[in-house]
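Student: So that we are looking at the same thing, I have put the structure below in structure tokens.
The values are calculated or read from the model by the stated rules, or taken from the named source; none is laboratory data. Predicted model, so just to flag it, every value in this text is computed and none were measured. For neighbour counting, all protein chains shown are included, and Cβ atoms are generated from backbone atoms with ideal geometry for every residue, glycine included. Accessible surface areas use protein heavy atoms only, side chains included; no ligands, DNA or RNA. Shrake-Rupley method; radii C 1.70, N 1.55, O 1.52, S 1.80 Å.
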Amino acid sequence: MTIKDGIKIINDSEENLDENEKYIFKKLKSNTLKSINMLEFEEKVKKDCLDYNLLEENKDIKKNIIKKLILYVFVYILIVVSFSNFPDFFNSIPNKTIAMLLLPVIFILFLIMIILPFATIVYIRSYYIMNKQNPYIRNKQARNINKKLEGLRNYMKDFSQLSESQYNEIVLWEDYLIYSVILGQNSKIVKEIMEKINE
């Protein structure tokens, strides 16, 4: 069977599938894969992750915001104090050439002093809204799985020079092909596999 022959479903049982897999499988059976609603799919994935205890509720949103706010206020006070003492420091430098080289530093401190309060408000507001919309965070097990998936993605990126590979190495890609699609590495990999097979 070639890819052009289409997809043939051998077993249409949904018994052992997770919610997100059932969603994709139904789309596959009805030949409507192109109409996948990503928000619906993400909700199914989120539900599956909760069922597998990979997510936990982010109860510390307000605590994290307060920590970030304290940090930004501390940085802002530090900059204001530095900026207010800078003219005295600037005038105390005997070599005016070196003093002139410090002017960009004064300008950068001044810009940060003006921009930081607005940036802080925007960042904290965005952080709060984003965390209210998605009140879950990955737990330790989920973070470990994510690290492994990132490692797999990097491996596939590095191992994608199939034109220089032997035919028997392509068998390895049979196992990784689905992951290459999921992790966004598929276009180059599929093209190279097809070129190698059609030789």
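Student: Just the accessible area for SER35, please: 1.4 Å probe, Å², rounded to the nearest 10?
Tutor: Surface open to solvent at SER35 totals about 60 Å².
Student: Now, a different point. State the answer as a single residue: which of ILE70, LEU103, PHE118 lies farthest towards the positive end of the charge dipole of the stretch 13-135, with beta carbon charges of +1 for Lys and Arg and -1 for Asp and Glu, about the Cα centre.
Tutor: So the residue furthest toward the plus end is LEU103.
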